[in-house]
Amino acid sequence: MHGWAQPEHYQVYALKFANTGFAMPISVWVDHGPQNDSVNIDFSIWLIKGDKDRNVLVDAADHKIILASDNIWVYYSLEHLQPASPGGTFDPAGYVRSMVRMKTLTGNPRYIIPGHDARVYAIFPKVADGVVRIE
């Protein structure tokens, strides 16, 4: 993962463009994840509003935001340091190490945004239908 600091005037938004339409067992997305808990899967694109190129690590006004994309599929993996389900990564230990590293790059794991968990749309303030501001 590579990133660098940017001016404070950057704003980050998540825009939902598709979803599975149903909850899936976490075990489908997380190795050894619970089968009785579910996660709603969304597919998002990220808008970084500013005057420079987009980056994985964004210095926002008060915090750093990491757009983890496929490096973390769902919050459960991040919260329990569990790798993606079998077939989702060729290096489960490396998957977990990257999550640990992401936690050192941002002062608050709230700002590590998984690539496919619909929970992001419940955590951050709504701007419009299917759009939240990461703040």
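Just so you know, all these numbers are worked out from the coordinates, no wet-lab data involved. Being a predicted model, the structure only gives us computed values, none of them experimental. Reconstructed Cβ throughout: ideal geometry from the backbone, glycine too, with neighbour counts over all protein chains shown.
What is the extension gain from Met24 to His80, computed as 0.36 nm multiplied by their sequence separation minus the C-alpha to C-alpha distance, in nm to one decimal?
Gain on extension, Met24 to His80, equals 18.4 nm.
Which value in nm describes the separation of the simple spin-label points at Asp37 and Ala128, placed 7 Å from the Cα toward the beta carbon?
Computed distance between label sites Asp37 and Ala128 equals 3.4 nm.
Step through the residues of the range 127-132 one at a time and calculate ³J(HN,Hα) from phi using the Karplus curve (6.51 cos²θ - 1.76 cosθ + 1.60, θ = phi - 60°), rounding each to whole Hz and writing x for Gly and Pro.
9, 7, 4, x, 9, 10
For a quick check: with amide H placed at 1.01 Å from N, whose amide H comes under 5 Å from Asp42's, ignoring anything fewer than 5 positions away on the same chain?
Sorted by chain and number, the residues that satisfy this are Asp117, Ala118.
Using the Karplus curve 6.51 cos²θ - 1.76 cosθ + 1.60 with θ = phi - 60°, work out ³J(HN,Hα) for each residue of the range 23-38 in order, rounded to whole Hz, and write x for Gly and Pro.
Karplus-based 3J(HN,Hα) across the range 23-38 equals 6, 10, x, 4, 4, 6, 9, 10, 4, 6, x, x, 7, 8, 9, 10 Hz.
Kindly identify the range 11-134 as rounded, prolate or oblate by the Cα gyration tensor criterion: order the square roots of the eigenvalues as a ≥ b ≥ c, call it rounded if a/c is under 1.5, otherwise compare a/b with b/c, prolate if a/b is larger, else oblate.
Oblate.
Please tell me the relative contact order of the range 11-134 in percent, rounded to the nearest whole number, where contacts are Cα pairs under 8 Å and at least six residues apart.
Relative CO of the range 11-134 lands at 31 percent.
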